[in-house]
Amino acid sequence: MNIDSIVKGIENGDHLSISRAISLVETNCVNDNVREIISRIYHLTGNAHVIGITGPPGIGKSTLIGRLSGMLHDSGKKVSILAIDASSPFSGGSFLGNRIRMQEALSSRGIFMRSLANRGISGGISRSAWDVVKILDAAGSDVVIVETVGAGQADLEVRNLVDTVIVVLGPGLGDEIQAVKAGIMEIGDIFIVNKIDREGAFLAIKDIEDTLAMSPGKKWHIPVLGLNSLNGEGYQDLLKVLDQRWDYISGDPGFKDGRLLMELRAIVQNTLLSRVEESFAGKNAFSRTISGLSDKTTDPYSAADRIIGKIYLKGD
Ligand SMILES: Nc1nc2c(ncn2[C@@H]2O[C@H](COP(=O)(O)OP(=O)(O)OP(=O)(O)O)[C@@H](O)[C@H]2O)c(=O)[nH]1
Ligand SMILES: [Mg+2]
């Protein structure tokens, strides 16, 4: 399959072409294929509501996504799912099996799902996730759902990847809620207490509402919803809130600007760094500089200036 037919396939929403394109951009280095695909599909992006789902392990994110995507699909929306999981220490062996079963069930209904296993160097979301979301968006998705496994850096980073962050918590997490709350409370646009069939659900809802009330002042009023993902209770409210959220986003033409700036900066940063690394490849410049630093013949700022200076002098 060449790039021409992959791009055409993406334009037509063809699952095989989308898969091929994702495999090409999935590597962590930006090569000519990545550049060509993204530059040719970029004008088709921006129409999907990109929704991130995050929360502690086992809270019911995948169950929720399965049900929500089915309901969106039945209402006539085109849905794609991207699961970012890496090798989660929490999920053990049953995890992959579950995911494969879920993928099969969804794809039989025409819902595209893909997992991205590799993480970025910093432990966060791998760079390619941004390109994968663009491909799914360009392929005509009305909604792209991104699931991150509920631990650490990747969950906070999802904020920079999506339009709407749904934070899923649950009853009876007690101290665990307190622990995850620290960073996660700041990134949520919608909060869900899943498993409302369990004891303590209403306390959890109240607890989250109280915490949110302490930092008011945002234009978007953050809702807290209770769900039972096994029987679908509360899902109509979730659909309603997602519609309101999309209206809110569509009403603000500058909504995505902050993220665009962030992505551009990241690309410039990575490109410069890899240029530096390429131009010093095999020359031991970094290790020479390190020894200059450790025996104090230079200092970190001067050393960095010298390295950057070489790139500028080389120019092009
Ligand atoms: N009682 C109850 N159980 C639920 C509910 N939603 C999900 N579960 C169960 O919770 C367990 C974990 O669900 P998952 O959807 O795999 O959770 P997850 O958050 O995706 O888990 P990780 O991806 O491993 O972080 C499963 O056994 C589900 O059947 C709910 O609303 N009520
Ligand atoms: Mg899951």
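Every number here is computed from the coordinates shown, using simple stated rules; none is lab data. Just so it is clear, the structure is predicted and the values come from calculations on it, not from any experiment. Here Cβ is always computed from backbone atoms with ideal geometry, including for glycine, and neighbour counts include all displayed protein chains.
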Sequence neighbours fewer than 8 away in the same chain don't count; with that in mind, list the aspartates and glutamates whose C-alpha is under 13 Å from Lys195. Glu233
Calculate the spin-label point distance for Asn270 paired with Ser19, positioning each point 7 Å from the Cα along the beta-carbon direction, and give it in nanometres. 2.5 nm
If each of Glu186 and Arg35 carries a label point 7 Å out from its Cα toward its Cβ, how far apart are those two points in nm? 3.6 nm
Would you mind ranking Met113, Met102, Met214 by Cβ crowding within 10 Å, fewest neighbours first? Met214, Met102, Met113
Suppose every Lys and Arg Cβ carries +1 and every Asp and Glu Cβ carries -1, with no other charges. What dipole size does segment 260-314 come out with about its Cα centre, to the nearest 20 debye? 180 debye
Let me test this: with uniform point scatterers at the alpha carbons of segment 260-314, what is the Debye-based log₁₀ I(q)/I(0) at q = 0.16, 0.18, 0.23, 0.30 1/Å? -0.56, -0.67, -0.92, -1.15
Using Cβ contacts closer than 10 Å as the measure, can you line up Ser128, Ser250 from fewest to most? Ser250, Ser128
By Cβ neighbour count within 10 Å, fewest first, Leu239, Leu24, Leu44, Leu68 rank Leu239, Leu44, Leu24, Leu68
So which trypsin sites (Lys or Arg not before Pro) in segment 255-291 pass both tests, a DSSP loop state and at most 11 other Cβ atoms within 10 Å of the Cβ? Lys283
